[in-house]
Amino acid sequence: MRPDHSGSLSGAAAFSTEERDAVYRAISTRRDVRSEFLPDPIPEDVVSRLLTAAHHAPSVGFMQPWNFILVRDQQVKEAVWQAFDRANREAGEMFEGERQQLYRSLKLEGIRAAPLSICVTCDPDRCGDVVLGRTHNRRMDSYSTVCAVQNLWLAARAEGIGVGWVSIFHESDIKQILGVPDRVEIVAWLCVGYVDQLYGQPELAAKGWRQRLPLEELVFTDRWDNSLD
């Protein structure tokens, strides 16, 4: 592939106050949406903007390992929901007592409710076996794909669109339903749809599952904090 010399350097000034605040607002008010989806379809131009945002994510070696499978068919979504439901019942058995009761009370997916689902995959062979930046960490392609998910999520927040990340399923089940090759990794199943209300804090915090950790407890300087060793 020929080098592209069209992207010359350009200025990197800070955003205006309003632009900067909008970025931080999208980050701080982003939520994992489970049950607040509206049935309204998402226009194609909006879907295109979300996918373009995802496609502009950073990727190691510029390998761009992602693919996006758009799922609107109700039969396909029902099959995926059935796979989720089986795995979710298995997950419930892994908790005990009050924790199990709380887990079972949570609505952990919006597969049926959201008008659009997006299955985000990672192709580890996109750039061959030896990839710049992946030579010593084979997971860098997956991490790059997660960056694409985050880009899409923040763009969706700016559009008034909610996103819910479903992770409770056996990957082999979803691959079989969608015809995904064995070598390709499923990174995320995203439920996507307009919302008119969001929790003021993460839903799992609001419902008492877990609270946000204090940032100061998570920041070290120059080396790992071994004060508790």
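The values are calculated or read from the model by the stated rules, or taken from the named source; none is laboratory data. What you are looking at is a predicted structure, and each value in this text was computed from that prediction instead of being measured. Every residue, glycine among them, receives a Cβ derived from its backbone with ideal geometry; neighbour counts consider all protein chains shown. Just so you know, the surface numbers come from the protein's heavy atoms only, side chains and all, with ligands and any DNA or RNA stripped out. Shrake-Rupley method; radii C 1.70, N 1.55, O 1.52, S 1.80 Å.
Some points to look at:
- Cβ-Cβ distance of residue 176 and residue 21, R₀ of 41 Å, FRET efficiency by 1/(1 + (r/R0)^6): the value works out to about 0.35.
- Largest-first ellipsoid semi-axes for the range 1-115, taking √(5λ) over the Cα gyration tensor eigenvalues, angstrom: 37, 21, 17
- Per the Cα gyration tensor, the range 33-198 maps to an equivalent ellipsoid with semi-axes of 27, 21, 15 Å, ordered largest to smallest.
- Among 82, 56, 136 the positive-end extreme of the charge dipole of the range 33-198 (Cβ point charges): 136
- The range 33-198 - accessible surface per residue (Å², probe 1.4 Å): 51
- Fully extending the segment from residue 135 to residue 96, taken as 0.36 nm per residue of separation minus the present Cα-Cα distance, adds 9.9 nm.
- Annotation for residue 197 and residue 85: the two label points, set 7 Å from Cα along the Cα-Cβ direction, are 2.6 nm apart.
- Taking all protein chains together and a 1.4 Å probe, the residues 78, 19 rank 19, 78 from largest to smallest accessible area.
- Surface share of carbon and sulfur [accessible, 1.4 angstrom probe, percent] for the chain: 53
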